[in-house]
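Only the coordinates and a few stated rules stand behind these numbers; no lab work does. Not measured: the values here are computed from a predicted model. Note: ideal-geometry Cβ built from the backbone for every residue, glycine included; neighbour counts use all protein chains shown.
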């Protein structure tokens, strides 16, 4: 599914990056996205209001055009 998203984003020159957030305790998700080239850009405290821990990692991946 991520490959499909990457393919669509690569075709649209107005899209320069993909950004997402992951709960700081979700190590599996963090490792998954890092395998696809996402990098942590920021830690946001109190991002989530109804779950603990409530902090999040912001991740971003620059779109590479072929």
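Things to note:
- Hits in the range 21-40 (condition: touching a residue at least 12 places away in the same chain (Cβ under 8 Å), touching a strand residue (DSSP E or B) at 6+ places or on another chain (Cβ under 9 Å) and either loosely packed, with under 11 Cβ neighbours inside 10 Å or within 15 Å of residue 55 (Cβ to Cβ) (or both)): 21, 22, 23, 24, 30, 40
- Members of the range 46-66 found to be touching a helix residue (DSSP H, G or I) at 6+ places or on another chain (Cβ under 9 Å) and part of a strand (DSSP E or B), listed by number: 57, 59, 61
- Residue satisfying all of: in the range 21-45; assigned to a strand (DSSP E or B) and farther than 20 Å from residue 65 by Cβ; nearest to the chain's Cα centre (by Cα) among these: 21
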